Each structure stands twice: as C-alpha cells, then as structure tokens.
1. Restricting to segment 50-81, count the residues that are within 13 Å of the chain's Cα centre (by Cα), more than 17 Å from Y15 (Cα to Cα) and among the hydrophobic types (A, V, I, L, M, F, W, C).
2. Residue check, F14 against (1) exposed (fewer than 12 other Cβ atoms within 10 Å of the Cβ); (2) among the aromatic types (F, W, Y); (3) at pLDDT below 80, all met but one. Which one?
3. Across segment 58-76, what is the total count of residues that are surrounded by 10 or more Cβ atoms within 10 Å (Cβ to Cβ) and in a loop (DSSP other than H, G, I, E, B)?
4. For segment 27-57, give me each residue that is part of a helix (DSSP H, G or I) and closer than 30 Å to Q75 by Cα.
Amino acid sequence: KRPPGREAFPGDVFYLHSRLLERAARVNEEYVERFTNGEVKGKTGSLTALPIIETQAGDVSAFVPTNVISITDGQIFLQTE
C-alpha cells in the first residue's frame, strides 16, 4: 500500500506521470530493428506523446494538471464553451 501524498493522491503519482510520459516517447534499438526488418540497426527513436487531462471546472491549478504541464513542453487548452 502506498502512503498518501498531496490531496489524497499517492505520493509517487507525480513520479509515475514522468515515467509514463518518458516511456510513451522512447523507442529502443530492438524495436527499430524489428520494425524495419533489420534494415536499420543500432538506432533509437522518439515519438510525440499527447497526454490529455480533463479538469474539473477548468481548474488547471490542481496538482495533476500542473504536474503534467511541468513535464510537457507545451500545452493546448480546450474549453467546452
């Protein structure tokens, strides 16, 4: 069981956000070699990850949105109105 952190979130939720985003955008050598049928060897790659956060009442100052904003390079804010 994980100890509580801020606002009843587990203490490691912010670490987990960064790990998920890093893993979403990393391609290892084995995958590149397998995907290219052996034509490309010893190379890695990267992808663009687009994390989507839904906020309550448009509040981007909560802990989870601000954490994801601090990890990512840019943001696009969409509103329902």
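1. Qualifying residue count, segment 50-81: 2.
2. (1)
3. To start, the set of residues in segment 58-76 that are surrounded by 10 or more Cβ atoms within 10 Å (Cβ to Cβ) comprises 58, 60, 62-72, 75.
Adding the requirement that they be in a loop (DSSP other than H, G, I, E, B) leaves 58, 60, 62, 72, 75.
Result for segment 58-76: 5.
4. Residues of segment 27-57 that are part of a helix (DSSP H, G or I), as a first pass: 29-35.
Selection gives E29, Y31, V32.
The values are calculated or read from the model by the stated rules, or taken from the named source; none is laboratory data. Being a predicted model, the structure only gives us computed values, none of them experimental. Positions of Cβ are generated from backbone atoms using ideal geometry, with glycine treated the same way; all protein chains shown enter the neighbour counts.
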